[in-house]
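Written out below as structure tokens is the structure these notes cover.
Read the figures in this text as sums done on the coordinates, not as results from a lab. Values in this document were obtained by computation on a predicted structure and should not be read as measured data. Every residue, glycine among them, receives a Cβ derived from its backbone with ideal geometry; neighbour counts consider all protein chains shown.
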Amino acid sequence: MTGEVLRYLTHPQVNIDPDIPVPEWSLSDVGAERVRNICGSAALIKTKRIVSSAETKATEAAQILGASLGVIPEIREKMHENDRTSTGFLESTAFEDMTDQFFANPDVSVKGWESATAAQARIVGEVQAVLASRKEGDLLLVGHGAVGTLLYCHFSGIPIDRKHDQTGGGGNFFTMEIATLKVLHGWQAMEEI
């Protein structure tokens, strides 16, 4: 791989607690261990900037990686996951159904959720703002699956579709070349970094 790259990493497993707002969920022991396990990756050595969503699970992952790389993560409020506050916590089956509808009807606010089109415009705008203030070296963005998929679709030049979503429920990444904004590969497990 030549040139500087941007990696978009989704947070891995979290502690699910219906009594805590989803943005405040933290990494589970398994999720935190997965992040610690990639800290020694040679591929991350050139990472000079880490930018994270403000959601707890993302900032925790960014802090672990930042401590390992000697980089203080930057927090960007608008890099959050698609806004689902209208429905609050949903059990797994209901959540998957809503997520299917979110991707299948990108211009529609399904049951008050932020539409996929709006979420895509927001995350693309945030990434473009980060790149506009760019620094030398590789860039690591730490965020979430749905908006990560929307970002992937945008820069791949493909329509919004859940078939492009990450697999395995989190802890995946894709890579783009910064100079051209060309997507170099689709979702891979974080252990492949």
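Some notes on this structure:
- Student exercise, the chain dipole from Lys, Arg, Asp, Glu Cβ charges, in Debye to nearest 20: 740
- Stretching Asp19 away from Glu96 to a fully extended chain increases their span by 25.8 nm, per 0.36 nm per residue minus the current alpha-carbon distance.
- Given charges at Cβ of Lys, Arg, Asp, Glu: the chain dipole, positive-most of Leu44, Phe95, Gly170: Leu44
- Proxy reagent accessibility, fewest Cβ within 10 Å first, across Asp29, Asp100, Asp19, Asp165: Asp19, Asp29, Asp100, Asp165
- Note on Leu139, Leu131, Leu150: ascending count of other Cβ atoms within 10 Å places them as Leu131, Leu139, Leu150, the fewest first.
- Number of Lys-Lys pairs in the chain with C-alpha atoms under 23 Å apart and a separation of 8 or more places or on different chains: 13.
- For the pair Ile158 and Thr180, label points projected 7 Å from Cα toward Cβ lie 1.8 nm apart.
- Here the stretch 80-152 is assigned +1 on the Cβ of each Lys and Arg and -1 on the Cβ of each Asp and Glu. Its dipole about the Cα centre then comes out at about 260 debye.
- Dipole axis of the stretch 116-193 (+1 Lys, Arg; -1 Asp, Glu on Cβ), positive-most option in Ala116, Phe155, Val142: Ala116
- Cβ-derived FRET efficiency at R0 45 Å, Val108 paired with Glu191, nearest 0.05: 0.80
- Proximity of backbone amide H atoms, modeled 1.01 Å from N, is registered between Thr47 and Asp138 at under 5 Å, excluding neighbours fewer than 5 places apart on the same chain.
- Counting other Cβ atoms within 10 Å as a rough exposure proxy, the listed residues Cys39, Cys153 run Cys39, Cys153 from fewest neighbours to most.
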